[in-house]
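Bear in mind these aren't lab numbers, they're just calculated from the coordinates by the rules spelled out. Just so you know, these numbers come straight off a predicted model, no measurement behind them. Please note: Cβ atoms are built from the backbone with ideal geometry, for glycine as well, and neighbour counts cover all protein chains shown.
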Amino acid sequence: MTRTIGYIVGSISSTSINRSLATALEKLAPEGTTLVEIPIKDLGFYSPDQDADYPQVARDFKQAIADVDGVLIITPEYSRSIPGVLKNALDWSARPWGQGSFNEKPVAVIGGSIGGVGTAAAQQHLRAILGHYNALTMGQPEGFIHITPGLITEDGDVTNAGTAEFLTAWLEAFNLHISRSHAALQLV
Ligand SMILES: Cc1cc2nc3c(=O)[nH]c(=O)nc-3n(C[C@H](O)[C@H](O)[C@H](O)COP(=O)(O)O)c2cc1C
């Protein structure tokens, strides 16, 4: 079985620790599973004015979500919530009305922070948004990653064995969640 998981990094920082977390996850992906980025940095600000004629970049973004088996959202925490760039991308995903990209889509959320809270507050907000979208969001295991200097190398290698083990198990759990979600959707 081959599977493709798309990932969205909720940061456009050139030194993003969440991008380094994404690179680490790419490297730890289970056999047969490929992680591909669904980029958000070229999306303009969402406005309903464009609902009737979505710009190509937003069409591409929605198509990229449609093309993958599941979506992984890797979010920073900004002021106890998600960054605006991520919310903006999610707004594009939700429209045009009735064409929400996350409807019945298997999703997992994870995030890294320089603080011990590990994006827990941001992820609660993100889960609320995904609930409204009718996404099939994995409940457990949660992934609150406290990223200390050197935890993830520039090449995306995780230097702490326990963290590497956790991330590997977390990805396997998401793979299982995708399988179960797809099976459940066949049941009716
Ligand atoms: C505007 C702003 C708000 C932040 N708020 C929080 C916060 O509420 N909780 C937290 O743990 N870190 C907070 N941080 C620190 C981030 O964890 C840190 O900047 C992190 O590197 C952001 O992720 P990124 O490097 O992937 O962009 C904040 C940073 C910024 C710039």
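Which one of these is within 16 Å of the ligand (Cβ to nearest atom), touching a Pro at 6+ places or on another chain (Cβ under 8 Å) and small (Gly, Ala, Ser): Gly156, Gly111? After ruling out the rest, the residue left standing is Gly111.
Scanning segment 122-143 for residues that are crowded, with 19+ Cβ neighbours inside 10 Å and within 12 Å of the ligand (Cβ to nearest atom), we see that the one that is nearest to the chain's Cα centre (by Cα) is Gln123.
Filtered by the rule that a residue be farther than 15 Å from Val85 by Cβ, assigned to a loop (DSSP other than H, G, I, E, B) and either within 16 Å of the ligand (Cβ to nearest atom) or free of Cβ contacts under 8 Å to residues at least 12 places away in the same chain (or both), segment 16-53 gives Glu31, Ser47. Scanning segment 1-15 for residues that are more than 14 Å from the ligand (Cβ to nearest atom) and more than 14 Å from the chain's Cα centre (by Cα) returns Met1, Thr2, Arg3.
I'd like the full set of residues that are part of a loop (DSSP other than H, G, I, E, B), within 16 Å of the ligand (Cβ to nearest atom) and surrounded by fewer than 18 Cβ atoms within 10 Å (Cβ to Cβ), limited to segment 68-103. Correct list: Ser79, Arg80. Checking each residue in segment 126-151 for being over 20 Å from Ser79 (Cβ atoms), aliphatic (A, V, I, L, M) and not in a loop (DSSP other than H, G, I, E, B) picks out only Leu136.
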